[in-house]
Amino acid sequence: MAAPLPGDGIVPDARVVIDRATTLAAPPQRVWPWIVQLGKRRAGWYFPRWVELAMPRERRGLRQVEPRWQRLAVGDVIPDWGGPAATFEVAVLDPPHALVHRSTRERREGEPVRISWALVLSPSGPGTRLHLRLRISALSRRAPRLAATVAGLVDEATVAPLFAGLAERLRSA
């Protein structure tokens, strides 16, 4: 079992737990402002420049820390890319160490899906270890293993570019 992280208790019965981590060449205090402003209708999602060049300008993530997106509090609700009505609520805010979001998504059949998404920063030499943990209560009753595999692939396809885009922004900031 992986070491506990802030927010693990939000979805204690998670059937899917996805961990991703990277080490960034900046201390937590420099990484934190970028983490706080992440999100739809906020600073966006950080992709590397070469990926963003193929995207419409309005879909590109910010390339600077924006003061208006630095104010975040427990209970704040921010839009998510998981659908038009999908949102995340800030559940844990411990600068510059942890930001945890939670969400409940309705399903057509059965009980709703509960999600937590932790972004945890730890000093690592002169840099920062950024650990992301996604916990999901259930995805599918019919094919839970397949659903977990697909969720893992989608997560990898979005988190790897996020890590690369964030590292790029920290180098140029």
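General remarks:
- Stretching R49 away from R63 to a fully extended chain increases their span by 4.1 nm, per 0.36 nm per residue minus the current alpha-carbon distance.
- Global dimensions of the stretch 11-172 from alpha-carbon coordinates: Rg and Dmax equal 15.9, 49 Å.
- Which of D76, D155, D13 has the fewest Cβ neighbours within 10 Å, and the rest in rising order: D13, D76, D155
- Highest-MSF residue in the chain out of A25, A98, A157 [GNM, Cα springs under 10 Å]: A157
- Modelled spin-label separation between A160 and A25, with each label point placed 7 Å from Cα along the Cα-to-Cβ direction: 2.1 nm.
- Listed residues E156, E58, E111, most fluctuating in the chain (Gaussian network, C-alpha, under 10 Å): E58
- Length gained on full extension, W81 to S124: 12.4 nm, using 0.36 nm per residue less the C-alpha separation.
- Charge dipole (the stretch 11-172, unit charges on Cβ, about Cα centre) - positive-most of T158, L72, V100: T158
- Extended-chain gain in nm, criterion 0.36 nm per residue less alpha-carbon gap, K40 and E89: 16.4 nm
- Per-residue Cβ neighbour rank within 10 angstrom, fewest leading, T87, T128, T149: T149, T87, T128
- Most mobile listed residue (P56, P126, P28) in the chain, GNM with C-alpha springs under 10 Å: P56
- Its DSSP H runs of at least 4 residues, each contributing -39,500 (n - 2.57), put the calculated 222 nm mean residue ellipticity of the chain at -8000 deg cm²/dmol, to the nearest 500.
Rule-based calculations on the coordinates, nothing more; no lab input. Since this is a predicted model, take the numbers as computed values, not measurements. Counting neighbours? That spans all protein chains shown, and the Cβs are built from the backbone with ideal geometry, glycine included.
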